[in-house]
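Note sheet for the following structure.
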Amino acid sequence: MRYSLSILFVLLFVQSMAQGNAVMGKKDTLTNSFTTGGPIDSVDISFSYHSSTMPGGGFAATENVQPYDLFLTNAGGSMFRTFSNWKKMRFSALPHLGFGYIFGGQATQIVRANYTHAFNHSNLLNVDYDLQRGANFLRNGEFTHHDVQLQYQLTSPFYSLSLKGQYLNRNIGNNNGVITDTLIDFYGLSYAPVRKDNALSQYRGTRIELEHYFDFLSRDSINATGLYVDNKLQIFNRKYREYSDTLLLIYPIVFMDLDSTNDQYQLSEVVNGAGLYYSRSNFFLKAGLQNNWWNYFNLGNTISRSEINLDGKLGITIRKVELHNHTNVNFIGAQGEWFSYSKLGFDWSNFHFRGNADISYLLPEPHQRFYYGNNVYYDLPFDQLKKQFRMNLNAQLDYSFQQHQIGVFVKNATLTNNYWFYDNTWTADTIGTLNSLSIGVTGKTGYKILKFSLSGSYNSSNWMPNLLVQSRLYLQGRLFKGKKLLGQFGVEASYHNGYRLLEHLPYMDIYSITSFSNDPMVNLHAFGAFEIQRFRFFFRVENIGYFWNESTNRVGLNQPIPAMQIRVGITWDFFN
């Protein structure tokens, strides 16, 4: 009887949270079977990117091939100047702590920890901590990424609050790749001479976001309407340091110091907004005015602007169809720039569709307008700035039946009048329109303990291979008489037919497209995992193809392919 009452209490608690104020958005509900890192068949790759010799450990999931929207989502190829996305909030009827840890060669350490606590039906807390550390295979390639997020929600009949906070700390050694690859076969990657022995990029970022909702229909359990107030603070700092007796031989010009560079800038933003909202279980709308004030400080030079925007968000759910849109239009202070981001999803029988349509017409970022450093100086007048048109469309349709699944996807990114770093300044006249297209299929099937998955794409892009194929073949099943231990072992193979290489400019931390290409490559990895209840142990042997691929092949203009690496990890989930 006591057990039945406990189950009933938990179900009522979950239902009350699920029917909460729609302004707080949907959450992922953690069940008793939830495991940090996702399903066991992909836990070996869910925590990290593919091992890489690129700065900061790289940022590509498949064989160091960069995504189709690389330059669209990162201003001019700036990888680490932005905050990571807010994680989707989780709900658990019982307090939950999830922990994952990976260690391996090249001083690799990866930590993923998350805590979920619903104090009652009105108070929900999420805390996330991510750490990634490594040595990048090359000298002066050490990197560390810290990312801490805290999210809290309070709901009541009259007043609801959403509080978010984030802190970022990144240290990235900028070796700028190898001088020559002739010594790699004899001494290995770690002893190859690099172009910069001590260059370092440091990033620090903090942001806090508050959303207040005052419901004038607090006695109405179905509808909510009233006033909302948004307050946001964001501070981001970047430093670049480099020491050399030959800076004049490295750079065409030196403005301040002949043997050391200590560049930095800081961007501070305060956003305040207010307006009206209406919400019910299947509909949400908020619209109002927004003031965005930002201050850009760069070595004693300051630029400040105040912008007034119209901001609106819409959410509609009709049966199993969901539509979300966020639109923002400037009418004072930013030349009428705007963006509109939309998401569409629906489930019908065994079909599942997800799509995004992100369109924007925005001015360049503050650090692209003005910068004064030891080796570079540019100043773009505000009245001569051009708005950049960017369109990102992607859609995926999946069909699943029992343990079989097949899917198709199409992704397209278009950039017009985009700003590129050329001849020590940012200009929108280098490339008129840049287009990137990716079309592919995914599949997953199995027979008894034999499992197989496949992902393949055709790509039309300046930085992606025309053909990219990745597949996983593995055995998975219960072991021993008690069948409590789940085991898995398999191999992962990939092929690409070569792509144009990207060049990294450390002092600006940006990437540019070159005319050089790498060779086609076949790679192989091995992986395995064991799971008992909520504890999992797994391993991954990456880049076995290093034994037959040419060590002089590249993933970047001066970055050779990474060597074989072994990683071992665990995950453990606790419900209390």
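The values are calculated or read from the model by the stated rules, or taken from the named source; none is laboratory data. Everything numeric in this text was worked out from a predicted model, so none of it was measured. Note: ideal-geometry Cβ built from the backbone for every residue, glycine included; neighbour counts use all protein chains shown. Only protein heavy atoms, including side chains, enter the accessible area calculation; ligands, DNA and RNA are left aside. Shrake-Rupley method; radii C 1.70, N 1.55, O 1.52, S 1.80 Å.
Within the shell of other residues whose beta carbon sits under 14 angstrom from the beta carbon of residue 201, the net charge comes to +3, with Lys and Arg scored +1 and Asp and Glu -1. Net charge in the neighbourhood of residue 358 (other residues with Cβ under 13 Å of its Cβ; Lys, Arg +1, Asp, Glu -1) is +2.
Exceeding 32 Å between C-alpha atoms, which entries from my cross-link table qualify? They are 286/387; 343/387; 27/239. Listed pairs above 32 Å: 27/239. Estimated at the nearest 10 Å², the accessible area of residue 138 is 10 Å² with a 1.4 Å probe.
Across region 276-402, the relative contact order, built from alpha-carbon pairs under 8 Å that are at least six residues apart, equals 17 percent.
Computed over protein heavy atoms with a 1.4 Å probe, the carbon and sulfur contribution to the accessible area of region 132-208 reaches 59%.
Pairs of Cα atoms nearer than 8 Å and 6+ residues apart set the relative contact order; for the chain it is 12 percent.
For region 112-210, chymotrypsin sites (Phe, Trp or Tyr not before Pro) meeting the loop criterion (DSSP other than H, G, I, E, B) and having at most 16 other Cβ atoms within 10 Å: 158. For residue 169, the shell of other residues with beta-carbons less than 15 Å away shows a net charge of +3, using +1 for Lys and Arg and -1 for Asp and Glu.
Measuring nothing but protein heavy atoms, the accessible surface of region 450-576 at 1.4 Å probe radius is 64 percent carbon and sulfur. This model, with +1 at the C-beta of Lys and Arg and -1 at the C-beta of Asp and Glu, gives region 473-521 a dipole about its Cα centre of some 740 debye.
Residue-wise HN-Hα couplings along region 546-558, as the Karplus relation 6.51 cos²θ - 1.76 cosθ + 1.60 with θ = phi - 60° gives them from phi, are 4, 6, 10, 7, 5, 5, 8, 5, 10, 10, x, 4, 10 Hz; Gly and Pro carry x. Accessible area per residue for region 210-299 is 53 Å², calculated with a 1.4 Å probe on protein heavy atoms, without ligands, DNA or RNA. Extending 7 Å from Cα along the Cβ direction at residue 535 and again at residue 389 yields two label points whose distance is 5.9 nm.
With protein chains left intact and a 1.4 Å probe, residues in region 150-201 average 45 Å² of accessible area per residue. The phi torsions of region 202-219, fed into the Karplus equation with coefficients 6.51, -1.76 and 1.60 and a -60° offset, translate into couplings of 10, 10, 9, x, 9, 9, 10, 10, 10, 10, 10, 10, 10, 8, 7, 10, 5, 8 Hz, rounded to whole numbers, with Gly and Pro shown as x. Using only side-chain charges placed at the Cβ, +1 for Lys and Arg and -1 for Asp and Glu, the dipole size of the chain relative to its Cα centre rounds to 2220 debye.
Taking every C-alpha pair closer than 8 Å and separated by at least 6 residues, the mean separation divided by the residue count of region 497-576 gives a relative contact order of 28 percent. If R0 is 35 Å, the Cβ-Cβ spacing of residue 331 and residue 150 corresponds to a FRET efficiency of close to 0.55.
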